[in-house]
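Rule-based calculations on the coordinates, nothing more; no lab input. Predicted, not measured: the structure shown is a model, and the values here were computed from it. Don't worry about glycine lacking a Cβ; one is built from the backbone with ideal geometry, like all the others, and counts go over all protein chains shown.
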Amino acid sequence: MARSRSALRSFLVDCEKALAERDARGLRRELTPLDSVAGPLVRVGGATCVNWSSNDYLGLSQHPRLAHAASEAAHRWGVGARASRLLSGSTQIHADLERALAAWFRAPAALVFSSGYLANLGVLGSLAGPGDMIFLDRLCHASLVEASRLSRATLRVFSHNDAQQLATLLRRTPVRGRRIVVTEGVFSMDGDCAPVRELVAVAERHNALVYLDDAHGAFVRGKTGRGSPEEAKVPADRLVYMATLGKALGCQGGFVVGPQSLIDWITNQAKAFIYATALAVPVAAAAREALLVLQQEPRHRLALQRNTRRLRSHLSRLKISALGSSLARSSSPIAPVRLGGAARALAAARYLRKQGIWCPAVRPPTVPQGTSRLRISVTAAHTLEQVDDLARALQMVLSMTPGGA
Ligand SMILES: Cc1ncc(COP(=O)(O)O)c(C=O)c1O
């Protein structure tokens, strides 16, 4: 007993030392609980700020219809789902949500996970195993990197959005087992978009399948909000499509859509699905309602498009588009303002907070060394005036913290 206590004590000493080192390098992470949220406004540390760091792109997380659907489901079904999906955690609400997601993405079937992170672990782990190969874009999200590693497939990384390099890699790799190209519709920290059409064409030429994580593109991109494949005019049946309910739909959870036999296989195979408590029923009910709101109230997408255009025009005026990412041309609501070192990004975030702007710095390891940034995400709930205020504040930040954006 005494020995195990001292083992824990020595581990804690190691933790404190490592945390102090991170602190010194401006890389320590801390939680900042919000006091309240009202649309794009948050109350934090006694001050009201405009929030520019939310993924609630369509502003649906506080929509009265979603709140009503969640509260009704909580009263009818309870808050927690009580069990995993394969035991007693599956309800008609989950089944209805899955039918609605499949219909929305014009796929035969869908499967919902408790989070997008778990969906990536579960789906990629069901598609690939030892003897297979995964080709991953260099800037893929941590959950995709983790899922690829856990699958025990051989991993190859291709340069960001480089379809040519992917083609070369595929050509040079001996065909053994399954080959899977993994990328994102919209890259979460850069806001740029994958060349989905080109990547699918390259993959098909080399008999590889494409797994697309469209966490930040689903319900936002494309003529009708059907995401990055719609934007790229690629039919749903040419790839395996995954996205989340926790961003543009304002809820929580992840999902995959595809052929029935694929969904049946994942249901039987994905540990992150089989061994996890089902998505909470109120959240599933709210997500189902969000899909209806999306179809019945186009004003949310229109407001997002209007705000995105305004933000991007400010950013290109401020020459923030000259950062190597195609900000001015991209249609996504995410815009990185790269500031280089962590200290500069922290100072910028502190300054913005004093101006009533909430936009925490994003630092390594979330982004590569030397590319710490403010990751701005605009939503339908912002006003044009708030977008203009943000642009003025960013101009100040760039002039006060020299070093080139
Ligand atoms: C590209 C990408 N994939 C997956 C996820 C994980 O989704 P969730 O937040 O629903 O777990 C995220 C969230 O940050 C993401 O940005």
- Task: Using label points projected 7 Å from each Cα along Cα→Cβ, tell me how many nm separate Ser399 and Ala201, to one decimal.
- Result: 4.6 nm
- Item | Gaussian network model of the chain, springs between alpha carbon atoms under 10 Å - residue of Ser61, Ser84, Ser53 with greatest fluctuation | Ser84
- Message: Straight-line reach only, C-alpha to C-alpha below 27 angstrom: list the lysines that Lys271 could link to, leaving out same-chain residues fewer than 8 apart.
- Response: Lys247
- Just rank His75, His141, fewest to most, by other beta-carbon atoms within 10 angstrom. His75, His141
- Item | Residues of type aspartates and glutamates that Lys233 reaches as a straight line, Cα spacing below 18 Å, ignoring anything fewer than 8 places off in the same chain | Glu184, Asp192, Glu198, Glu204, Asp213, Asp214
- Note on the structure: Cβ-Cβ cut-off under 11 Å around Val186, Lys and Arg +1, Asp and Glu -1: the net charge is -4
- Over all pairs of distinct alpha carbons, what does the Kirkwood formula give as the hydrodynamic radius of the chain, in Å? 22.4 Å
- Item | Sorted by Cβ density within 10 Å, fewest first, the residues Glu289, Glu198, Glu385 | Glu385, Glu198, Glu289
- Neighbourhood charge, 15 Å Cβ-Cβ cut-off, centred on Arg338 and excluding it, Lys, Arg +1 and Asp, Glu -1: +3
- Message: Which one, Ile134, Ser71, Phe113, projects farthest toward the positive side of the charge dipole computed for the range 64-296 from Cβ point charges (K/R +1, D/E -1)?
- Response: Ile134
- Would you kindly calculate the translational diffusion coefficient of the range 64-296, applying Stokes-Einstein with the Kirkwood radius from alpha carbon pairs, for 10 °C and a viscosity of 1.306 mPa s, and quote it in µm² s⁻¹ without decimals? 90 µm²/s
- Computed about the Cα centre, the charge dipole of the chain from +1 Lys/Arg and -1 Asp/Glu charges at the Cβ has a magnitude in debye, to the nearest 20, of 780 debye
- Task: Counting only C-alpha contacts under 8 Å and six or more residues apart, can you give the relative contact order of the range 64-296 as a whole percent?
- Result: 33 percent
- Message: Run the numbers for Leu155 and Glu21: contour at 0.36 nm per residue of separation, minus the present Cα-Cα distance, in nm.
- Response: 45.1 nm
- Note on the structure: Expected sort for Trp77, Trp265 with the fewest Cβ neighbours (10 Å cutoff) up front is Trp265, Trp77
